[in-house]
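The values are calculated or read from the model by the stated rules, or taken from the named source; none is laboratory data. Owing to the predicted nature of the structure, the values given are computational and were not obtained by experimental measurement. Don't worry about glycine lacking a Cβ; one is built from the backbone with ideal geometry, like all the others, and counts go over all protein chains shown. Calculation scope for accessible area: heavy atoms of the full protein, side chains included, ligands and nucleic acids excluded. Shrake-Rupley method; radii C 1.70, N 1.55, O 1.52, S 1.80 Å.
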Amino acid sequence: MIKRLVLFALLLNAMMGWSSAILIPMDAESQSDHLKAYGIAFWVLDQGEEIQWLLNFRGGAFVLPNGELIAKECQLRGVSFEVISESKLSNILETIESPSQNSAAVLLEKAPKIAVYSPDGKQPWDDAVTLVLTYAEIPYTIIYDHEVLSDGLAEYDWLHLHHEDFTGQYGKFYRAYRSEPWYIQQKKDAEALAQSVGFSKVSEEKLAVAQKVKEYVIGGGFMFAMCSATDSFDIALSAEGLDICEPMFDGDGTTPNYQNKLDYTQTFAFKDFLLERNPDVYEFSSIDTTQKRQTPKDLDYFSLMEFSAKWDPIPTMLCQNHTALIKGFMGQTTAFNSKNVKSEVLVLGRQEVNQEARYIHGIKGKGFFTFYGGHDPEDYAHRVGDQKTELALHPNSPGYRLILNNVLFPAARKEKQKT
């Protein structure tokens, strides 16, 4: 308690240097563009200014120093804001820190340097994270296997894994798309890339990438993944030293009885999963619930869990939203079987009907990871060849907000980060 009072006093003193402040509300009623609001927060941090994230206050509002340039930037980007006086700011902070309120103020200190792991020539439907970063005007750098394998991750604070297949099975697209020119070309490109960095098989090269990412997280990095980059990542780590790819993927047979030789101690989030070895089945393992679930689209929602803002700021940050009920959306990996989620991993979003974990978070070494099931929060059943989502039509998307919570998380003052 004493430590919290000291932190609050420091926070209050820092903020009271402002004669007024800009408050960006993030509740459903007041904010015209939730997604671009994160871009404003990032932009202010990138200018060398500190800001406050008011957890569980008006949907997770931001407090910024008042200034003509910041106000003008909010207006240009269509972000709703309010100019508040020093006394009103003081009252807000005192209310937030009251023991009776499940709220807290978190200091954001520095804009994180962002990397997106993504191949060249990705299609418009490929990745929700690059869509929302671009829409929110948050800068990022595209990297891929060469950069990862040459220890390039050390330059970044936050890493997103594109919808990759780290098992070397080319997304399990074999049955439906094996004759398609794009599939054939992607397979050739992956094989050529693997050989160029010294591997004879794509599965071996992707495992090496996954292990570099694992080292990055253990060393203190933050990794975010969606859809198939979640379960295929853990599967690859568990299968080190094994061949789990059928001949149509790598030209030779598999390791006998490989299922019983998986090492779940190497994974981030999942345990005791059963691999899908049929190459004609569009599924990696029992982790994903896509083919088991029977929820109609109009009833497909998941709920965000509630945490103590004062004592559990990390999951609280990651769950900030203007609604606790989020529309479901499909993907190759739609949601995670609760039975396959490790006990030490926090479930941030859950679909109770199917007992699915949709949104999970954990600690690995000195770093953090978040896995988010599904492909595109505003396109329920996005398929290969569909047009990309236009986020200008969804500026208040709660599903996309969850991605941006993760983007800002590394900026938070480390003394405030505890689970």
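Annotations
- Calculated from backbone phi, Karplus (6.51, -1.76, 1.60) coupling profile of segment 369-376 in Hz, x at Gly/Pro: 9, 10, 10, 10, x, x, 9, 9
- Dimensionless Rg over Rh [segment 150-295; C-alpha; Kirkwood]: 0.95
- Against the chain, whose longest principal axis comes from its Cα atoms, helix 2-15 is set at around 70 degrees.
- Descending principal axes extents, the chain, alpha-carbon based, whole Å: 71, 45, 41
- Gyration tensor verdict on segment 335-419 (Cα atoms; rounded if a/c is under 1.5, prolate if a/b is larger than b/c, oblate otherwise): oblate
- Entry comment: accessible area of the chain is 41 Å² per residue, from protein heavy atoms only and a probe of 1.4 Å.
- Put a dot 7 Å past the Cα of residue 387, heading toward its Cβ, do the same for residue 27, and the two dots end up 3.6 nm apart.
- Sequentially through segment 151-158, phi angles give Karplus couplings (6.51, -1.76, 1.60; θ = phi - 60°) of 6, x, 5, 4, 7, 10, 8, 9 Hz, Gly and Pro residues having no value and appearing as x.
- In summary, the aspartates and glutamates within cross-link reach of residue 261, defined as a Cα separation below 15 angstrom excluding same-chain residues under 8 places away, comprise 234, 240, 243, 272, 276.
- Surface composition of segment 11-152: carbon and sulfur make up 48 percent of the accessible area, probe 1.4 Å.
- Over 28 Å (Cα to Cα) - which of 206/339; 201/292; 110/388; 310/364; 206/364 fall in this group: 201/292; 110/388
- Here's how it looks for residue 364: its modeled amide H is under 5 Å from those of 369, which are all 5 or more places away or on a different chain.
- Between 24, 84, 314, the GNM of the chain built on Cα springs shorter than 10 angstrom shows 84 fluctuating the most.
- Rounded tilt (10° steps) of 68-77 against the dominant C-alpha axis of the chain: 40
- Three-way shape label, segment 83-222, alpha-carbon gyration tensor, a/c 1.5: prolate
- The listed residues 175, 401, 58 rank as 175, 58, 401 when sorted by accessible area, largest first, using a 1.4 Å probe.
- Accessible-area composition of segment 210-292, carbon plus sulfur, in percent [1.4 Å probe]: 50
- The chain - share of DSSP beta bridges that are antiparallel (%, nearest 5): 70
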